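Everything on this sheet refers to the single structure shown next.
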Amino acid sequence: MSHLLEVKNLDVKFDTDEGRITAVENISLSLDQGKVLGIVGESGSGKSVTAKAIMQLNPGNTNYNDDAEIILDNENVLRFTSKDDLKKIRGGKVSMIFQEPMASFAPAIKIGAQMVEQLLIHKDINKNEAKEISINMLQRVGIADAEKRFNQYAFELSGGMRQRAMIAMALSTMPKLLLADEPTTALDVTIQAQVINLIKDIIQEYQMGVIFITHDLGVIAQIADDVAVMYLGSVVEKGPVNKILKNPKHPYTKGLLEALPDVNNLDAPLRPIPGNIPSPLDRPSACVFRTRCPNPCDNCREGKTEMGLMEVEPGHWVDQCCINCG
Amino acid sequence: MSENLISVNNVSVNFDYQENFISKKQKIHAVNNINIKIKKGSFFGLVGESGSGKTTLGRAILGANKISSGNVIFHDDERDYDLTNINKQDLKEYRKKAQLIFQDPYAALSPRMTVRDIIAEPLEVMRITNSRQETDDRVRDIASKCRLNLEHLRRFPHAFSGGQRQRISIARALVSNPKFIVADESVAALDVSIQADILNLLKQLQNELNLTYLFISHDLSVVAHVCDIVAVMYLGHIVEMAPSRKLFKNPKHSYTKALLSSIPSIDPENKSKAIELKGEIPSALNPPSGCVFRTRCPNPCDNCRNGNTEMGLIEVEPGHWVDQCCVNCS
């Protein structure tokens, strides 16, 4: 069976005044229908850039490598250039939910009008039908008085409600793939729990594929089937969520887990990952993690190793440098 | 000499609110009738959702917000400062002793000043030092305590990562030698790997410099780790207050229970058993009568539901205070 989404050997580079920045290097990911792929990593690790590449939303100074492929539903997205082709993915086959729901709605247009507008673009229906679909969708995501909310502006809704409306809008076109970029980060924990449950129900119901980007490993544990851990533009470990979180192999994944305060074990000391994330402008050569690795081997330290994922257990891939290091 | 550094007695903070110039003036009840005592050398945590009044209370204690009723007293070694009627001279003195660390290290530092100038500014504004040499010495001293390199002092903030910037903010807050620090969501904008580093630094500085913290956060797991005492706020009220271990082992208030159960577990097999709270935090313009939590309480009693109860903390165990409505309800 072919995957819903397959990203192969993707590099993303940006041309800036300070030179060419490598944001993402040699990433390969795949996602099946009805599954959730979590992407975790610190800020600057290239999570959002990867998601935006799928929708071709990266800015004009972006360079993709020639042999990269992003295959969505048997079509290579990176070859799309015409507006009509792009329309098929942006909002059609793929929808995106952003982190800050206030920033993603137009402030001077009613929520309802924005929902109807995108439906009219992507579906062959009239305004009344679009309104009906939108209101149904708002109800589906748990907004009370959907009809009243339909005629309100984004500022009249609270944070949790706005994020629900955003989800409703993203789902109303029935995309095959949902990109959720830190959708719960700006929300309070109680609202976050509501939104996670909502997204889980919706995946069950519509059987879409979801890429869920977050820096919160707890959220990943609760929602994802598979996880890819990113560091400075590279995937350093990927596999089923159980394996990654219970038996992490890469020191970065281990570090992330140890740095997390655990409510059930208050005596455990908090162990930060030493050092800072290097600037993408001076990205370490060879293994990108070597500047913060707790025990780099000599080859690593001198920058002589080459990164690349190795399968250590069925489905569990870890960067090879780290396996050799120990 | 009192063992408390800060006493907050029946403090309420209201804001005037007028939707437009012809509509009626209303009051926003941001903080209602709060009583807390912060012991010297303690790490006092304040948690709650956005809109619960955490920041307003923190600012009220610093004298940055007007207190509508009640009083805040800062017990210094020699004398007490009563913030509700404090003269200008005393307020200046107080500002040297109580400082604030902000949430967003990207917004808190002026992009046009070098790190040295940023850290030195409080000393100059408050006229603490007399010569440039003395200022430089103190800046260098505090910078090394906050683990900043001396060569960093000549650079501008844009050259630093989030964690380093937060260390600069901390150095600036500490340079005037304060006794009391309000850390308002100081790790919320940081990545987990760096968050742990900043928390450890705050702890270490507490021991080194004899600091007392009011640590404001919405992240319970962070609070659980660093704080000695935690107060949980909801819509301007403290609903539960206890030593952090007690609170996390044995929460009594249904809001605290719901908050704790909402923290996503990092064990994938432990799928969430979150007590889902209905709806969202009500507006502080129009808070529910009686117990403010009744509109979202999972099992309110009849008295609560009708708004006939009155809020107020009672001590259920030594040091463990819970809002009385909730004790009676369940």
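Taking A:Leu281, is it facing chain B (nearest Cβ under 9 Å) and either of a type outside the set (A, V, I, L, M) or touching a residue at least 60 places away in the same chain (Cβ under 8 Å) (or both)? The answer is no for A:Leu281.
If the condition is being under 21 Å from A:Met161 (Cα atoms), buried (at least 18 other Cβ atoms within 10 Å of the Cβ) and within 7 Å of chain A (Cβ to nearest Cβ), then segment B:271-292 contributes B:Ala274, B:Leu277, B:Glu280. Among the candidates B:Glu315, B:Glu276, B:Glu269, B:Glu310, the residue that is closer than 22 Å to B:Asn32 by Cβ and out of contact with any strand residue (DSSP E or B) (no Cβ under 9 Å at 6 or more places or on another chain) is uniquely B:Glu310.
So which of A:Lys254, A:Lys238, A:Lys246 ends up being over 21 Å from A:Thr185 (Cβ atoms), within 23 Å of the chain's Cα centre (by Cα), at pLDDT 90 or above and at the interface with chain B (Cβ under 8 Å from one of its Cβ atoms)?
A:Lys246
Within segment B:251-270, the residues that satisfy the criterion of being outside any loop (DSSP other than H, G, I, E, B), in contact with a helix residue (DSSP H, G or I) (Cβ under 9 Å, 6 or more places away or on another chain) and either surrounded by fewer than 21 Cβ atoms within 10 Å (Cβ to Cβ) or more than 7 Å from chain A (Cβ to nearest Cβ) (or both) are B:Ser254, B:Tyr255, B:Thr256, B:Leu260, B:Ser261. I'd like the residue in segment A:60-98 that is modelled with pLDDT of 85 or more and on the phi > 0 side of the Ramachandran plot and, out of all such residues, is surrounded by the fewest Cβ atoms within 10 Å (Cβ to Cβ). Among those residues, the one meeting the criterion is A:Asn74. Scanning segment A:139-155 for residues that are surrounded by 15 or more Cβ atoms within 10 Å (Cβ to Cβ), over 28 Å from the mean Cα position of the chain (by Cα) and assigned to a loop (DSSP other than H, G, I, E, B) gives a single hit, A:Gln152. Highlighted here are the strands (runs of 3 or more DSSP E) found entirely within segment B:1-90 that include at least 1 residues which are modelled with pLDDT under 90 and of a type in the set (Asp, Glu): B:4-17, B:80-82.
I'd like to check something: does segment A:284-304 contain any residue that is more than 9 Å from chain B (Cβ to nearest Cβ) and aliphatic (A, V, I, L, M)? Within segment A:284-304, one or more residues are more than 9 Å from chain B (Cβ to nearest Cβ) and aliphatic (A, V, I, L, M). Scanning segment B:293-309 for residues that are out of contact with any helix residue (DSSP H, G or I) (no Cβ under 9 Å at 6 or more places or on another chain) and either part of a loop (DSSP other than H, G, I, E, B) or crowded, with 19+ Cβ neighbours inside 10 Å (or both) turns up B:Thr295, B:Asn306, B:Gly307. Restrict the check to segment B:198-213 and report whether at least one residue is under 16 Å from B:Val47 (Cα atoms), under 17 Å from the mean Cα position of the chain (by Cα) and either more than 10 Å from every other protein chain (Cβ to nearest Cβ) or buried (at least 24 other Cβ atoms within 10 Å of the Cβ) (or both). Yes, segment B:198-213 contains a residue that is under 16 Å from B:Val47 (Cα atoms), under 17 Å from the mean Cα position of the chain (by Cα) and either more than 10 Å from every other protein chain (Cβ to nearest Cβ) or buried (at least 24 other Cβ atoms within 10 Å of the Cβ) (or both). Close Cβ contacts (under 6 Å, 6 or more residues apart or on different chains) running from residues in segment B:205-231 that are over 23 Å from B:Pro318 (Cα atoms) to residues that are part of a helix (DSSP H, G or I) and of a type in the set (A, V, I, L, M, F, W, C) comprise B:Ser217/B:Val223.
Scanning segment A:26-83 for residues that are touching a residue at least 12 places away in the same chain (Cβ under 8 Å) and part of a helix (DSSP H, G or I) turns up A:Lys47, A:Ser48, A:Val49, A:Thr50, A:Ala51, A:Ala53, A:Ile54, A:Met55, A:Val77, A:Leu78. Scoring A:Pro272 on the criteria (1) more than 19 Å from the chain's Cα centre (by Cα); (2) surrounded by 17 or more Cβ atoms within 10 Å (Cβ to Cβ); (3) under 16 Å from A:Val40 (Cα atoms); (4) within 11 Å of chain B (Cβ to nearest Cβ) leaves a single failure, condition (3). Please verify whether segment A:164-180 includes one or more residues that are surrounded by 19 or more Cβ atoms within 10 Å (Cβ to Cβ), within 20 Å of B:Ser262 (Cα to Cα) and within 13 Å of chain B (Cβ to nearest Cβ). Yes, the conditions are met somewhere in segment A:164-180.
The values are calculated or read from the model by the stated rules, or taken from the named source; none is laboratory data. Note that this is a predicted model, so its numbers are computed, not measured. Neighbour counts run over all protein chains shown; Cβ positions are idealised from the backbone, glycine included.
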